[in-house]
Amino acid sequence: MGILKTFKQDDGSDLAIRRRNEELEKELQASREREQVMRQQLQRACERLKVAEEAEERLSSQLGELEAEALTQARDYHHQIAALMNQLSQAQKLLQIRLQQPQLQSASV
């Protein structure tokens with residue numbers, strides 16, 4: 001009877017082991033599915049990061065071009081302002097000379 005009792009206990013523990021094994025296999029499958037989902041999310045995040053980095057490079061390049069264009073325009077405007085100031089200065093000198101000429105003519109009369 002001791003052998004039969006041991007056999008029955010083995011059957012019970014074997015059934016418990018099988019159940020536990022099935023539970024562990026289900027958990028493993030669920031874990032693998034979660035891992036696959038996480039890998040897909042990571043891949044999508046990496047793709048978004050790559051797109052963002054490319055966009056950043058394009059924006060940096062465009063910003064550099066705009067800065068160079070702004071600098072060129074600022075220099076052009078500065079030269080234009082300097083030329084206009086020079087013209088204004090010459091016009092003021094001519095105006096002063098012309099305003100002084102009638103005074104010279106009236107003084108000589």
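Some points to look at:
- FRET efficiency, 1/(1 + (r/R0)^6) with R0 41 Å, evaluated for ARG44 and ALA70 via beta carbons: 0.60
- Heavy-atom surface analysis with a 1.4 Å probe gives the range 25-77 a carbon and sulfur content of 53 percent of its accessible area.
The values are calculated or read from the model by the stated rules, or taken from the named source; none is laboratory data. Note that this is a predicted model, so its numbers are computed, not measured. When we count neighbours, we look across all protein chains shown, and the Cβ atoms used for this are built from the backbone with ideal geometry, even at glycine. We work out accessible area using only protein heavy atoms, side chains counted, and drop any ligands, DNA or RNA first. Shrake-Rupley method; radii C 1.70, N 1.55, O 1.52, S 1.80 Å.
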